[in-house]
Amino acid sequence: MLAMIKINLLPARKHKRQAEPGQLDVAIGGGVLLAVAAAVYFVAHRPMADERDAFADESNALTTDNNSQRARIADLPQREAAFKAEESRNAAIKQLVSTIVVPDNVLHELGELLTPARMPTMTRAMAERISDGPKGDANRRFALDWDPKHVWITSFGTKGETFTLEGGAQSEADIPQLAKRMQASVYFGEVTSPSSSRYEDKSNSLTYYKFTISGKVVY
């Protein structure tokens, strides 16, 4: 009996390629990690970053505001010193007015000399003497733009016709301006050159000059 041999000429079907062991797990794990990373970014990192940016903006705004405030108060010590000096001046004037006993015309003249843009009461000859004209005397001339608020009187006393004036000034250069005005006034005579000394008021953190001017009162 002959055996029959069947020959299959059709190509054999190829089996589908199977994934290597572990590749599927790696893919799943990578997807999970991406999902977790995305969740962390949107849930935690992004809000924290936004909050950080908000704090940074607020900090920058505060820094800008602080710098602006510092610039505005940079001259505060000078303002405080000027305010304290003005307080001392006003207190001295009040004390002077309440205790001084001199003719009203002399008090009025002192008030004029200590008022901005006011001139002393002068004779025509004296007005020519303090001018810059041909009859002018440079030693008698005074600055027309001088601010008398830089000077204050602490005491003014008379003994007969002689007077003694004591006061304070913010700078030593202010003192001759008052003395020259008194020399030019018809209400004062034989006015001496003022003597002055530097004084430190530690309680008020002020430094100024004490001065004394003497002469005669013309009633």
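The values are calculated or read from the model by the stated rules, or taken from the named source; none is laboratory data. Owing to the predicted nature of the structure, the values given are computational and were not obtained by experimental measurement. Backbone-built Cβ (ideal geometry, glycine too); neighbour counts: all protein chains shown.
Restricted to segment 141-164, and to residues there that are part of a strand (DSSP E or B) and among the aromatic types (F, W, Y), the residue that is nearest to the chain's Cα centre (by Cα) is W152. Take the conditions more than 27 Å from A82 (Cα to Cα) and surrounded by 12 or more Cβ atoms within 10 Å (Cβ to Cβ) and apply them to F156. Does it pass? Here the answer is no, as F156 does not meet what is asked. Among the residues making up segment 188-219, those that are closer than 20 Å to R140 by Cβ and of a type in the set (D, E, K, R) are E190, K216.
For segment 129-146, the set of residues classified as under 23 Å from T192 (Cβ atoms) and of a type outside the set (G, A, S) consists of R129, I130, D137, N139, R140, R141, F142, W146, listed by residue number.
Looking across segment 133-157, the residues that are modelled with pLDDT under 90 and either over 19 Å from T212 (Cα atoms) or β-branched (V, I, T) (or both) come down to G133, P134, K135.
In this structure, is S185 at pLDDT 95 or above and closer than 16 Å to G215 by Cα? In short, yes. Restricted to segment 198-219, and to residues that are over 21 Å from K149 (Cβ atoms) and of a type in the set (S, T, N, Q), which residue is surrounded by the most Cβ atoms within 10 Å (Cβ to Cβ)? That would be S214. Scanning segment 165-205 for residues that are over 23 Å from P116 (Cα atoms) and part of a strand (DSSP E or B) yields S195, S197, R198, Y199, E200, D201. The residues on offer are T121, T115, and the sole one that is under 14 Å from Q183 (Cβ atoms), of a type in the set (S, T, N, Q) and surrounded by 10 or more Cβ atoms within 10 Å (Cβ to Cβ) is T121.
Within segment 94-102, not a single residue is assigned to a helix (DSSP H, G or I), in contact with a strand residue (DSSP E or B) (Cβ under 7 Å, 6 or more places away or on another chain), modelled with pLDDT of 70 or more and not acidic (D, E). Could you go through segment 172-191 and let me know if any residue there is without any contact (Cβ under 8 Å) to a residue 24 or more places away in the chain, under 26 Å from A81 (Cβ atoms), touching a Phe, Trp or Tyr at 6+ places or on another chain (Cβ under 7 Å) and surrounded by 19 or more Cβ atoms within 10 Å (Cβ to Cβ). The answer is no; no qualifying residue exists.
Filtering segment 63-82 to residues that are part of a helix (DSSP H, G or I), within 11 Å of the chain's Cα centre (by Cα) and more than 19 Å from Y208 (Cα to Cα) leaves Q69, R70, A71, R72. Restricting the search to segment 114-140, which residues are assigned to a loop (DSSP other than H, G, I, E, B) and within 21 Å of V217 (Cα to Cα)? If the condition is that a residue be assigned to a loop (DSSP other than H, G, I, E, B) and within 21 Å of V217 (Cα to Cα), then L114, T115, R118, M119, P120, T121, M122, T123, I130, R140 are the ones that fit.
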